[in-house]
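Here the structure is laid out as structure tokens; the discussion comes afterwards.
The values are calculated or read from the model by the stated rules, or taken from the named source; none is laboratory data. Worth saying up front: this structure is predicted, and the values here are computed from it rather than measured. Cβ coordinates were reconstructed from backbone atoms using ideal geometry, including for glycine residues, and neighbour counts include every protein chain displayed. Remember, those area values only see protein heavy atoms, side chains included, never the ligands or the DNA or RNA. Shrake-Rupley method; radii C 1.70, N 1.55, O 1.52, S 1.80 Å.
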Amino acid sequence: MKVIALRGKQNVGKTSILKKLMSKLLTDGGKLIDSKYRKETVSRAIDPSDERWFAKKNRKNISNLTVTLEYKGSIVTITSMGDSKKSIVDSLERARSRLEKKGIKEKIAVYICACHPRMDIASMLGCDHVCYIDKRKCESADMMNDDKFIDDLVFELDKSI
């Protein structure tokens, strides 16, 4: 399994970028295979204008989400979880378990997650191929372009499958 990790400190936009990535891949022909939530809820949770985008009605914290999809013939799991080793590992294990329960024999080819700067994703997940994309907080609106990071993630994903 290959891993792409969007790495950055707290509150730099990792969750929103990963949820926008989910939306882009599903819009660009990816097929939702699995999530803890129904398809309608996933669609709402990846829409920044929907209240489900946020964890609570106060609209401060963005909700986390994990989805597994088929993209260009490969199984890809994306999670916005990344605050702890446990959340990253558990999200992957739950995704694998749900696929197994559905009788899907294909293995996850690429796992995309968030992580903090000092995390060693390769040793956490026991894999030898990790691509890190670094996200830093920018003060200038021009420099803080989610689309650039989404494009970088798609580029790395396409290279990995």
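Tabulated results
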{"read-out": "Percent carbon-and-sulfur accessible area, segment 21-83, ignoring ligands, DNA and RNA, probe 1.4 Å", "value": "44"}
{"read-out": "Karplus-derived 3J(HN,Hα), 6.51/-1.76/1.60, for each residue of segment 40-45, Hz, glycine and proline x", "value": "5, 5, 4, 4, 6, 5"}
{"read-out": "Set Lys19/Lys135; Lys86/Lys148; Lys24/Lys148 screened for pairs whose C-alpha atoms are more than 19 Å apart", "value": "Lys86/Lys148"}
{"read-out": "Simple spin-label estimate for Leu32 and Asn61 in nanometres, 7 Å along Cα-Cβ", "value": "2.3"}
{"read-out": "Amide H contacts of Cys131 (H built 1.01 Å from N, under 5 Å, at least 5 apart or other chain)", "value": "Val3, Ile4, Ala5"}
{"read-out": "Karplus (6.51, -1.76, 1.60) ³J(HN,Hα), θ = phi - 60°, over segment 71-78, in Hz, Gly and Pro reported as x", "value": "9, 6, x, 10, 8, 10, 10, 10"}
{"read-out": "The chain, dipole about Cα centre (Lys/Arg Cβ +1, Asp/Glu Cβ -1), debye to the nearest 20", "value": "660"}
